[in-house]
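Working notes, structure below.
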Amino acid sequence: MTHISSRFKEVTMEEIPDITSDMVDKLRKLNINSVYQLAVQSPLELAMVISNAYFDVESAGKLIANARKILTENEILSKDFSTADDLLEKRSKISKYTTGSSNFDTFLNGGFETQSITEIAGEFGSGKSQICHTLCAAAITLMENDSLDANDNGSKQRSPGSIIFIDTENTFRANRVYQIAEQKNLEPEDILKRIYHCNVYSSEQLELLVDDLPKSIEQYNAKLVVVDSIISLHRAEFSGRGTLAERQQRLGKMLNKLRRYADIYNIAVVITNQVISYADGSHPGFDYMKAAGGNIVAHGSTYRIFLRKSGKNRVATMEDSPSQPYQRVKFSISESGIQDVTSYKTEEENSGW
Ligand SMILES: Nc1ncnc2c1ncn2[C@@H]1O[C@H](COP(=O)(O)OP(=O)(O)O)[C@@H](O)[C@H]1O
Ligand SMILES: [Mg+2]
């Protein structure tokens with residue numbers, strides 16, 4: 001019998017209200033093996049993959065709702081309507097993963113949050129991947145305490161949390177994480193063992209990977225999922241105007257799924273995004289930058305950070321946050337990853353916002 005594994009409470013699929021063993025079998029054949037994996041499905045998609053009497057859209061919806069219900073009853077998931085104090089309680093379960101750059105972590109109100117998608121947008125070389133690498137090195141030690149694993153004979157043992165790194169630009173470098181960890185006096189060998197990296201080469205492969213992510217999150221006990229970048233493959237493959245609507249729809253679906261995973265598994269999701277430049281009629285000859293992906297990506301992420309170069313340093317601006325004001329922070333990139341800018345000696349740096 002498949003239990004919800006790793007740190008999750010053990011609720012079995014058989015306990016879902018109104019489920020039959022036949023349905024459980026059918027779900028398992030689809031490789032949906034836990035209540036969590038069922039709870040993150042969308043009714044329409046589930047109905048589409050199983051076309052038989054059990055699973056029209058309505059009954060698929062009911063089944064998913066029942067999976068969510070049992071998670072709610074076990075206080076793993078918050079109710080559809082929650083009182084504000086319940087929401088506060090849910091927020092108290094949030095973990096924040098820090099980079100070790102204290103200015104940057106303060107800028108993030110303590111770190112990259114679970115139950116959220118944080119988007120980092122910026123032009124080529126602005127430091128998006130460096131932030132992801134630094135986070136990988138620094139965050140793992142914070143994932144040790146909140147993960148208890150139940151092994152087969154029922155006794156509890158520690159299962160350290162891990163990171164899933166989805167790399168669409170082939171820019172992840174294990175030796176860079178090693179270097180950052182070493183500089184921070186952490187344990188590089190241990191850290192690298194807990195980063196599960198995957199190169200992705202097509203938008204379709206990325207979408208399939210995102211579909212199947214719940215299994216990997218459970219298997220590896222992931223607490224953080226990085227997608228660097230969320231948009232590059234879709235931008236490259238859906239380039240003509242005629243394909244824009246389809247691209248946006250596909251991006252929207254992926255972001256929706258990532259948001260559900262962040263919420264249900266209490267994980268942090270960090271995505272990077274590219275920028276597009278546009279001309280503003282009121283300032284002829286001057287190009288502005290904005291994050292790619294339009295409203296779909298803007299609304300899909302909880303926090304939106306915009307990066308730009310400023311002399312030797314970088315400036316991050318919090319463009320969108322449910323709880324913080326518009327603000328910005330300066331940082332630099334060094335051997336130890338992203339770093340506080342401590343000296344403001346030169347005129348260029350002082351005025352370099
Ligand atoms: N070991 C290092 N020491 C100092 N700076 C580095 C190091 N590695 C990368 N960088 C800086 O990071 C920049 C690349 O940032 P990156 O995060 O890859 O950009 P992107 O936003 O395109 O992902 C390089 O231009 C370089 O300035
Ligand atoms: Mg990059």
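The values are calculated or read from the model by the stated rules, or taken from the named source; none is laboratory data. If you're wondering where the values come from, they're calculated on a predicted model, not measured in any experiment. Neighbour counts run over all protein chains shown; Cβ positions are idealised from the backbone, glycine included.
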Residue match in region 137-151 (condition: in a loop (DSSP other than H, G, I, E, B) and either at pLDDT 95 or above or of a type in the set (Val, Ile, Thr) (or both)): no
Restricting to region 120-136, name every residue that is surrounded by fewer than 16 Cβ atoms within 10 Å (Cβ to Cβ) and either hydrophobic (A, V, I, L, M, F, W, C) or at pLDDT below 60 (or both). Phe124
Ile264 passes all but one of (1) of a type in the set (A, V, I, L, M); (2) under 23 Å from Asn199 (Cα atoms); (3) away from ligand 2 (no atom under 16 Å from the Cβ); which number fails? (2)
Residues located in region 298-315, provided they are within 11 Å of ligand 1 (Cβ to nearest atom) and either outside any loop (DSSP other than H, G, I, E, B) or not charged (D, E, K, R) (or both): Leu307, Arg308, Lys309, Asn313, Arg314
Kindly provide the set of residues from region 300-319 that are touching a helix residue (DSSP H, G or I) at 6+ places or on another chain (Cβ under 6 Å) and either farther than 22 Å from Val225 by Cβ or within 16 Å of ligand 2 (Cβ to nearest atom) (or both), ordered by number. Gly311
Tell me which helices (runs of 4 or more DSSP H) are completely within region 5-104 and hold 2 or more residues being surrounded by 18 or more Cβ atoms within 10 Å (Cβ to Cβ), or say none if there are none. 21-29, 35-39, 43-49, 57-73
With the requirement that a residue be more than 16 Å from ligand 2 (Cβ to nearest atom), touching a helix residue (DSSP H, G or I) at 6+ places or on another chain (Cβ under 7 Å) and part of a strand (DSSP E or B), what does region 105-124 give you? Phe112, Ser116, Ile117
Considering Val269, Val297, which residue is surrounded by 19 or more Cβ atoms within 10 Å (Cβ to Cβ) and in contact with a helix residue (DSSP H, G or I) (Cβ under 6 Å, 6 or more places away or on another chain)? Val269
So which of Leu255, Leu192, Leu233 ends up being modelled with pLDDT of 95 or more, within 16 Å of ligand 1 (Cβ to nearest atom), under 24 Å from Cys136 (Cβ atoms) and assigned by TED's automatic domain parsing to the domain that holds Lys128? Leu233
Is at least one residue of region 333-347 of a type outside the set (Val, Ile, Thr), modelled with pLDDT under 90 and part of a helix (DSSP H, G or I)? yes
For region 154-230, which helices (runs of 4 or more DSSP H) that fit wholly inside it have 3 or more residues that are crowded, with 22+ Cβ neighbours inside 10 Å? 174-183, 203-220
